[in-house]
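K.L.:
Pasting a structure here, questions to come.
The values are calculated or read from the model by the stated rules, or taken from the named source; none is laboratory data. Keep in mind the model is a prediction, meaning the values are calculated, not measured. Every residue, glycine among them, receives a Cβ derived from its backbone with ideal geometry; neighbour counts consider all protein chains shown.
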Amino acid sequence: MEIPAPKLRHAFRLRVELGAPIEMGQGRAGVRRIIQIIGGKALGPDLTGEVLNLGADWQTIYSDGAAHLDTRYAVKTEDGAVIEIVNVGSRHGPPDVIARLAKGEDVDPTSYYMRTAARLETGDDRYAWVNHMLFVCSGIRRASAVEIDYYAVE
């Protein structure tokens, strides 16, 4: 019997607005910082609404410039459901590209890697399907925002 290969279906895009980084200094594994999530939009097709002004990305920056991303935030859909998102992943690339991103420059997203895995949860029956779905994501960093495409793994 053949094991079915997973398929990806684009579920939604988030445009997440970010606050200024809060630098924590050197931690056990690397430089630590917290980046507040202050708003944004969920742009469908499966979820549309707003990214709430709460949550943060708790980052660890390793000595090679790679960033471990560890975020928790929420979306309120147009029809009033609140969905929690926990998203963990990695952003890395050539040192010159990472330096340009750190300065807030727009950089060709194919010149660096930004991928995450997400878990969503809600108590709203209309969106209960997210409680049992895995998501993988691809993102890009902007000066004061990130854009992330969420793909349901089917």
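K.L.:
Collect the residues in region 111-153 that are more than 17 Å from the chain's Cα centre (by Cα) and either surrounded by fewer than 16 Cβ atoms within 10 Å (Cβ to Cβ) or under 16 Å from R15 (Cα atoms) (or both), keeping them in residue-number order. It would help to see each step written out before you state the result.
P.N.:
The first filter runs over region 111-153 and keeps only residues more than 17 Å from the chain's Cα centre (by Cα), leaving 111, 122-129, 131-132.
Listed by number, the residues that qualify are S111, G123, D124, D125, R126, A128, W129, N131, H132.
K.L.:
Can you find a residue that is outside any loop (DSSP other than H, G, I, E, B), of a type in the set (V, I, T) and under 15 Å from D149 (Cα atoms) anywhere in region 90-109?
P.N.:
The initial filter retains those residues of region 90-109 that are outside any loop (DSSP other than H, G, I, E, B), namely 90-92, 95-102, 109.
When the remaining residues are screened for being of a type in the set (V, I, T), the result is 97-98.
Next, only the ones that are under 15 Å from D149 (Cα atoms) stay: none.
Scanning region 90-109 turns up no residue that is outside any loop (DSSP other than H, G, I, E, B), of a type in the set (V, I, T) and under 15 Å from D149 (Cα atoms).
K.L.:
Of all residues in region 138-154, which are of a type in the set (A, V, I, L, M, F, W, C) and more than 14 Å from G44 (Cβ to Cβ)? Lay out the reasoning, then the answer.
P.N.:
Of the residues in region 138-154, the ones of a type in the set (A, V, I, L, M, F, W, C) are 140, 143, 145-146, 148, 152-153.
Once the filter is applied, which keeps residues that are of a type in the set (A, V, I, L, M, F, W, C) and more than 14 Å from G44 (Cβ to Cβ), region 138-154 yields I140, A143, A145, V146, V153.
K.L.:
How many of the residues in region 1-38 are among the hydrophobic types (A, V, I, L, M, F, W, C), touching a residue at least 60 places away in the same chain (Cβ under 8 Å) and within 15 Å of V51 (Cα to Cα)?
P.N.:
The number of residues fulfilling the criteria is 4.
K.L.:
Take the residues of region 8-63 that are under 30 Å from D125 (Cβ atoms) and β-branched (V, I, T): which is surrounded by the fewest Cβ atoms within 10 Å (Cβ to Cβ)?
P.N.:
Of region 8-63, the ones under 30 Å from D125 (Cβ atoms) are 8-17, 37-57.
Remaining after also requiring β-branched (V, I, T): 16, 37-38, 48, 51.
Working: V16: 26, I37: 24, I38: 19, T48: 15, V51: 21.
Going through the qualifying residues, I end up with T48.
K.L.:
Please verify whether E50 is among the acidic types (D, E), in a loop (DSSP other than H, G, I, E, B) and either more than 25 Å from D108 (Cβ to Cβ) or out of contact with any strand residue (DSSP E or B) (no Cβ under 8 Å at 6 or more places or on another chain) (or both), treating the condition exactly as stated.
P.N.:
no
K.L.:
Name the residue that is modelled with the lowest pLDDT, counting only residues in region 54-78 that are assigned to a strand (DSSP E or B) and among the small types (G, A, S). Write out each step before concluding.
P.N.:
Let us first name the residues in region 54-78 that are assigned to a strand (DSSP E or B), namely 56-61, 67-77.
Okay, now just the ones that are also among the small types (G, A, S), so 56, 67, 74.
Details: A56: 98, A67: 95, A74: 98.
The residue in question is A67.
K.L.:
Moving to a separate point now. So which of Y151, Y113, Y127, Y73 ends up being touching a Cys at 6+ places or on another chain (Cβ under 8 Å), in contact (Cβ under 8 Å) with a residue 12 or more places away in the chain and among the aromatic types (F, W, Y)?
P.N.:
None of the others qualify; the one that does is Y151.
K.L.:
Assess whether N87 counts as being assigned to a loop (DSSP other than H, G, I, E, B) and not charged (D, E, K, R).
P.N.:
No.
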